[in-house]
Amino acid sequence: MSAKRTSNRRQFLKGQTALDALADAAERIDPESSSSSTVSPWPGPPPAEAYLLQFGRQAMACQFEVFLNAGQYREANEAVVEALDLVDRLEAQLTVYRDTSEIMAINRQAAEGPVTVEPRLFRLLELAVELHRQTQGAFDITSGPLTKVWGFFRRQGALPEEADLAAALARVGSQFLELDATASSVRFLRPGVELNLGAIGKGYALDRAAESMLDAGIGDFLWHGGQSSILARGSQATQAADEPGWQVGVRHPMRPEKQVIEIRLCDRALGASGAGTQFFRHRGRRYGHIIDPRSGWPAEGVISTTVLAPTAAEADALATAFYILGPERAVAWCEGRPEIGMLMFVPGPTGQSVQLIAAGVTDRDWRLTGPL
C-alpha cells in the first residue's frame with residue numbers, strides 16, 4: 001500500500017481529503033499494519049470501479065478508519081470528523097493509561113462508596129456484567145490486576161510469583177461490582193478491584209461512531225478499529241442487491257500473508273481475539289496475553305476466535321470470552337442465539353496445521369477462499 005497522505009481538519013472539511021482518498025481509491029489495507037489481528041477489512045483489492053473514501057485517525061493505540069462509497073454522501077466529511085472526534089472523547093473517558101479518565105476516577109473512588117457514572121458508560125458496565133454472568137466469568141472487566149501481574153499491561157510479559165498471582169486473583173471478579181441503575185452509580189465491594197475496558201472499549205467506540213454517522217443521515221459505511229474490531233452498516237456499492245453488505249477477509253492464523261476466509265458483514269459487527277503477538281516463553285512453554293480471569297493463567301487451546309454479533313461491543317467481548325471458554329463451550333454458548341456467529345481456529349493434529357470450528361454462521365455469512 002502506498003504511503004497515506006496526511007491532512008488537517010481544515011483540509012478535511014474543505015474536501016481536500018475526500019479528493020485525496022478518491023485518488024487513492026481501491027487500495028488494500030496493509031495486513032501487517034495490525035499487530036494482533038487475523039482480520040482485514042478487505043479480502044482483496046475491490047474491483048476497479050469500486051471507488052471508496054477512506055478516513056482515519058490514531059486512537060486507543062491503533063488506527064480507526066471508516067470507508068464510504070465515493071460520491072454517495074456529499075456532506076460526509078463533517079459527519080466523519082464528528083465521529084472521529086467522538087472516538088477521541090471516548091478514549092479520554094475509558095482509558096486506564098491516563099489518570100484523568102473517568103474509568104481511573106472510578107478505580108480510585110469506588111471502593112470508598114458509590115460513584116456516579118456517565119449514563120452511556122453505565123450502560124456499558126451493565127452489559128459487561130451481564131456478559132460476565134452469561135459466560136460464567138470468562139469475560140471480566142475487572143481482570144486488570146492479572147494483566148499487570150503477568151507483565152502484559154506494559155507489554156513485558158513474565159511469569160509471576162505464586163503469592164503475587166494469588167493476590168491479584170483475589171481482586172478479580174465482576175461479582176464485586178455493585179451497579180445501581182436508579183442512581184447510575186457503581187461501587188466496589190472489595191478493595192483493590194479495578195475496571196479495565198480493554199476487551200470491549202474499541203467495539204463500544206465503533207458502536208458510538210456508527211450511531212453518530214447514522215444520526216447524520218449516512219447509512220452505508222464500514223468502520224474498523226485496529227482491524228480486530230469491525231462494524232458495517234448498509235452496503236458497499238458493488239455488492240449485488242440480493243447479497244448486501246461489506247466484504248471482510250480473515251487471514252490464516254499461522255500464515256498471515258494468506259487469506260483463507262471471506263465474511264460478508266451486513267448491519268453487523270465482527271470482533272477477533274488471539275494471542276499471536278503478545279506472548280512470552282518460559283522454559284519452553286508459551287504464555288499468551290489473554291488470561292482466564294477465573295484461574296489467573298493464560299488461556300490455552302485456541303489460536304484465534306472471530307465473532308459476529310449485532311454490536312461491536314458484544315463482538316469484542318465474546319471473541320475474548322470464547323477464546324477463554326474453548327471450542328466445546330463456545331459452540332454450546334452459540335446454540336439458541338441466532339444473532340451470534342463464531343469462527344474459531346484451534347491447533348490441528350500435526351505441526352503448523354489448524355482446524356476451523358464454525359458455529360451460528362450460514363453460507364451467506366462466510367466462505368473459505370483457500371485451503372487451511
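The values are calculated or read from the model by the stated rules, or taken from the named source; none is laboratory data. Quick caveat: nothing in here was measured; it's all calculated off a predicted structure. Positions of Cβ are generated from backbone atoms using ideal geometry, with glycine treated the same way; all protein chains shown enter the neighbour counts.
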(request) Give the residue that is nearest to Pro119 (Cα to Cα), with candidates limited to residues of the stretch 169-223 that are in contact with a Ser or Thr (Cβ under 8 Å, 6 or more places away or on another chain) and among the hydroxyl-bearing types (Ser, Thr, Tyr). (result) Ser184
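Would you say Leu206 is touching a residue at least 40 places away in the same chain (Cβ under 8 Å), crowded, with 20+ Cβ neighbours inside 10 Å, in a loop (DSSP other than H, G, I, E, B) and of a type in the set (A, V, I, L, M, F, W, C)?
Considered against the rule, which asks whether it is touching a residue at least 40 places away in the same chain (Cβ under 8 Å), crowded, with 20+ Cβ neighbours inside 10 Å, in a loop (DSSP other than H, G, I, E, B) and of a type in the set (A, V, I, L, M, F, W, C), Leu206 comes out as no.
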(message) Against the conditions (1) surrounded by fewer than 21 Cβ atoms within 10 Å (Cβ to Cβ); (2) modelled with pLDDT under 95; (3) part of a helix (DSSP H, G or I); (4) touching a Ser or Thr at 6+ places or on another chain (Cβ under 9 Å), where does Thr17 fall short? Just the number, please.
(response) (1)
(request) Sort out which residues of the stretch 224-245 are farther than 12 Å from Cys266 by Cα and part of a strand (DSSP E or B), and write them in order of number. (result) His224, Gly225, Ser229
(request) Would you please name the residue that is surrounded by the most Cβ atoms within 10 Å (Cβ to Cβ), looking only at residues in the stretch 99-138 that are in contact with a helix residue (DSSP H, G or I) (Cβ under 7 Å, 6 or more places away or on another chain), not in a helix (DSSP H, G or I) and not β-branched (Val, Ile, Thr)? (result) Ala138
(request) Please work out if Ser36 is at pLDDT below 50, part of a loop (DSSP other than H, G, I, E, B) and under 18 Å from the mean Cα position of the chain (by Cα). (result) yes
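Among Gly351, Gly336, Gly360, Gly370, which is the only one that is within 27 Å of Val129 (Cβ to Cβ), surrounded by fewer than 22 Cβ atoms within 10 Å (Cβ to Cβ) and modelled with pLDDT under 95?
Gly336
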(request) Kindly indicate whether Ala299 is at pLDDT below 95 and surrounded by 19 or more Cβ atoms within 10 Å (Cβ to Cβ). (result) yes
(request) Scan (1) in the same structural domain as Ala240 (by TED's automatic domain parsing); (2) within 21 Å of Glu211 (Cβ to Cβ) for the single condition Leu94 breaks and write down its number. (result) (1)
(request) Give the number of residues within the stretch 254-272 that are within 18 Å of the chain's Cα centre (by Cα), of a type in the set (A, V, I, L, M, F, W, C) and not in a strand (DSSP E or B). (result) 1
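Here is a check on your reading of the model: is Gly144 surrounded by fewer than 20 Cβ atoms within 10 Å (Cβ to Cβ), within 13 Å of Pro293 (Cα to Cα) and under 23 Å from the mean Cα position of the chain (by Cα)?
Considered against the rule, which asks whether it is surrounded by fewer than 20 Cβ atoms within 10 Å (Cβ to Cβ), within 13 Å of Pro293 (Cα to Cα) and under 23 Å from the mean Cα position of the chain (by Cα), Gly144 comes out as no.
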(message) From the list Gly219, Gly296, Gly245, exactly one residue is small (Gly, Ala, Ser) and in contact (Cβ under 8 Å) with a residue 40 or more places away in the chain. Which is it?
(response) Gly296
